[in-house]
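What follows draws every value from the coordinates through simple rules; no lab data is involved. All values derive from a computational prediction rather than experimental measurement. No Cβ is skipped: glycine too gets one built from the backbone with ideal geometry, and neighbour counts run over all protein chains shown.
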Amino acid sequence: MDETPQRVLVITPHPDDADFWCSGTIAKWIGDGATVRYVLCTDGGKGTTDPNISSAELSKIREQEQADAAESLGVQELVLLHHPDGFLEDDDEFRKELVRQIRQVQPDVVLCPEPYRKNLAWHRDHRITGQVTLDAVFPCARDHLHFVELWRDEGLEPHKTGTILFWGTEQADTTIDISDSMDAKFKAVSAHQSQMGGRTAQEIEEFIKERAQVSEGGSGTEYVEAFRKITFRTT
């Protein structure tokens, strides 16, 4: 994608997912004038190996880490849905929440996890978030009679999103140059200290660089984030 979208909606299952997979892109777009809303679907209250911390305690830590990461990127809005970690469902409740977010933001682009990985393990919250986001974008947010109460009672007009970018895909067809926003990505990922396993700042930086570096024979760009792109007709 060469053009910077004006309005971006990022739907992330857990604190740290979006920052790990797409924060370089988000920082780049914000720097170019985009408005971005993060929607954090779960509280992240299960992601630890520490036997001495409760889920409630961990949730507070991780939601604050997400807030700190979003602030470091310049994300203008962060919405917390507070679903329990590991318990997202492909149901009308969750779909309606995401349709509400889409109709409020009226995004040009939505970013979320790939729902259809075949050969690599993928957290169920990631699969479900990707699938429900896809269905929320098309057709539910498009048609006023899907969740008609959002239109009738909340005044939220239908919206046609032009593009979804799936992160974590096995079938990437779109790359975005993040060479100039790597520092912002380091800061965003590093905000999630509860998930770093004691890694030093240098170790985190080396890990991110290794993941983002273009392999030999690539486009010639030094660092990229990769996505599977889906487009929809908006007219």
As I understand it, the dipole of the stretch 1-138 uses +1 on the Cβ of Lys and Arg and -1 on the Cβ of Asp and Glu, about the Cα centre. Which of VAL79, ASN119, ILE61 lies farthest toward its positive end?
ASN119
Could you calculate the FRET efficiency of THR200 with THR4 from 1/(1 + (r/R0)^6), where r is the beta carbon distance between them and R0 is 25 Å, rounded to 0.05?
0.15
Is the shape of the stretch 156-235 best called rounded, prolate or oblate, per the rule: a/c under 1.5 gives rounded, else a/b larger than b/c gives prolate, else oblate, with a ≥ b ≥ c the square roots of the Cα gyration tensor eigenvalues?
oblate
Work out how much length GLU170 to ASP183 would gain on full extension: take 0.36 nm times their residue separation and subtract the Cα-Cα distance, in nm to one decimal.
2.1 nm
Environment charge at ASP177 (Cβ cut-off 14 Å; Lys +1, Arg +1, Asp -1, Glu -1)
-4
Given q = 0.16, 0.22, 0.27, 0.29 Å⁻¹, what are the Debye log10 I(q)/I(0) values for the stretch 6-61, with equal point scatterers placed on the Cα positions and solvent ignored?
-0.57, -0.82, -1.03, -1.11
In vacuo Debye sum over C-alpha of the stretch 35-132, base-10 log of normalised intensity I(q)/I(0) at q = 0.10, 0.12, 0.17, 0.19 Å⁻¹, listed in q order, is -0.30, -0.44, -0.87, -1.07
Once phi is turned into ³J(HN,Hα) by the Karplus curve 6.51 cos²θ - 1.76 cosθ + 1.60 with θ = phi - 60°, what whole-Hz value does each residue of the stretch 91-99 show in order, with x for glycine and proline?
9, 5, 4, 5, 4, 5, 4, 6, 4
Burial ranking of peptide ranges 151-160, 132-141 (average Cβ count within 10 Å, highest at the top)
132-141, 151-160
For GLU93, project a label point 7 Å along Cα to C-beta. Then give me every residue of the stretch 102-138 with its amide nitrogen under 17 Å of that point.
125, 128-129, 132-133
Want the number for PHE232 to LEU80: 0.36 nm per residue separation, take away the alpha-carbon distance, what's left?
52.0 nm
List nothing, just return the count: lysine pairs in the stretch 7-231, 8 or more apart or interchain, with Cα separation under 21 Å.
11
